[in-house]
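Q: Handing you a structure now.
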Amino acid sequence: MAMKIQTKPKREGLSQNVRTVLKWLFYVLTMIFFYCVMVSGSGNGSKALMLIPFATAIACYEGEIPAAVIGAISGILIDMATGQLLGFTGLYLCLFCGIISGMFRQFLRKNIINYFALTVATCLIYLYIDYYFFYVIWDYEGYQEVLKARLIPSHLKTIVFSPLCYLTCLIAERLSTVKRKLELEEKSEMVDRV
């Protein structure tokens, strides 16, 4: 009595379009989660601005236009969470995420060192702009205390959190791309070789 061995046909994975939709859905849900974390709790302490490193991580792997849109949305969410002028951070992150995406597309390799350097630069420039336009220019009493007690700890938490954002976007990007198979053709006599 001979046993018949049947093999199951190999399943194909999700199509590229479905993977892309799932990746962007993951990005949007993560942004909403980070926004909820930023607005939860008491408003007295400093909180990490987690959307800044997440937007720059997305900018590493996406084109200039999608990166700028994600930067603008993240900035508006940060403005709503921190109670600042709506659109101030949105404009800043829109410009910076577009520039970061262009830099990674043209000049930089996509690795955590380049990402971390650009995230630190983005946070430091945003710290200066935030400090200057919301506190120094109006000459509030004790604005140095705001810098020491709230702004610097908040940005340090943001910078410490940034490698986790990069790894999250790296995993999402790797899972969303379809691996290409290289198929070699046999040598044909009908093809003229020069």
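Q: For 80, 50, give the ranking by accessible area with the largest first, probe 1.4 Å. Walk me through the intermediate numbers first.
A: Values: 80 100, 50 20 Å².
Order by accessible area, largest first: 80, 50.
Q: What is the distance, in nm, between label points placed 7 Å from the Cα along the Cα-to-Cβ direction at residue 125 and at residue 143?
A: 2.1
Q: By the gyration tensor of its Cα atoms, with a ≥ b ≥ c the square roots of the eigenvalues, what is the shape of the stretch 16-96: rounded for a/c under 1.5, prolate for a/b over b/c, or oblate?
A: Working: a/c = 2.56, a/b = 1.54, b/c = 1.66.
Verdict is oblate for the stretch 16-96.
Q: By per-residue mean of other Cβ atoms within 10 Å, what is the highest-first order of 64-70, 86-92? Mind showing how you got there, number by number?
A: Values: 64-70: 19.6, 86-92: 17.7.
Taking the mean over residues of other Cβ atoms within 10 Å, the ranking is 64-70, 86-92.
Q: Arranged from highest to lowest average of other beta-carbon atoms within 10 Å per residue, in what order do the peptides 153-160, 96-103, 71-78 appear?
A: Working: 153-160: 17.2, 96-103: 21.8, 71-78: 24.2.
Put in order of decreasing packing, that is 71-78, 96-103, 153-160.
Q: Considering only protein heavy atoms and a probe of 1.4 Å, how much of the accessible area of the stretch 50-158 is carbon and sulfur, as a whole percent?
A: Accessible surface attributable to carbon and sulfur in the stretch 50-158 totals 70 percent.
Q: List, in the order given, every pair from 23/157; 157/179; 47/179; 23/148 whose Cα-Cα distance in the structure shown is over 31 Å. Write out the running numbers ahead of the final one.
A: Numbers: 23/157 26 Å; 157/179 36 Å; 47/179 39 Å; 23/148 38 Å.
The answer is 157/179; 47/179; 23/148.
Q: Can you tell me the accessible area per residue over the stretch 48-126, all protein chains present, probe 1.4 angstrom, in square angstrom? Mind showing how you got there, number by number?
A: Numbers: 3340 Å² over 79 residues.
Normalised by residue count, the accessible surface of the stretch 48-126 is 42 Å².
Q: Let me ask something else. Tell me the relative contact order for the stretch 29-124 as a rounded percent, counting alpha carbon contacts under 8 Å between residues six or more apart.
A: 28
Q: Using the basic label-point model (7 angstrom from Cα toward the beta carbon), what is the residue 156 to residue 46 distance in nanometres?
A: Taking the simple label geometry, residue 156 and residue 46 are separated by 0.6 nm.
The values are calculated or read from the model by the stated rules, or taken from the named source; none is laboratory data. From a predicted model like this one, the values you see are computed outputs, not experimental measurements. No Cβ is skipped: glycine too gets one built from the backbone with ideal geometry, and neighbour counts run over all protein chains shown. Side chains included, ligands, DNA and RNA excluded: accessible areas come from the protein's heavy atoms. Shrake-Rupley method; radii C 1.70, N 1.55, O 1.52, S 1.80 Å.
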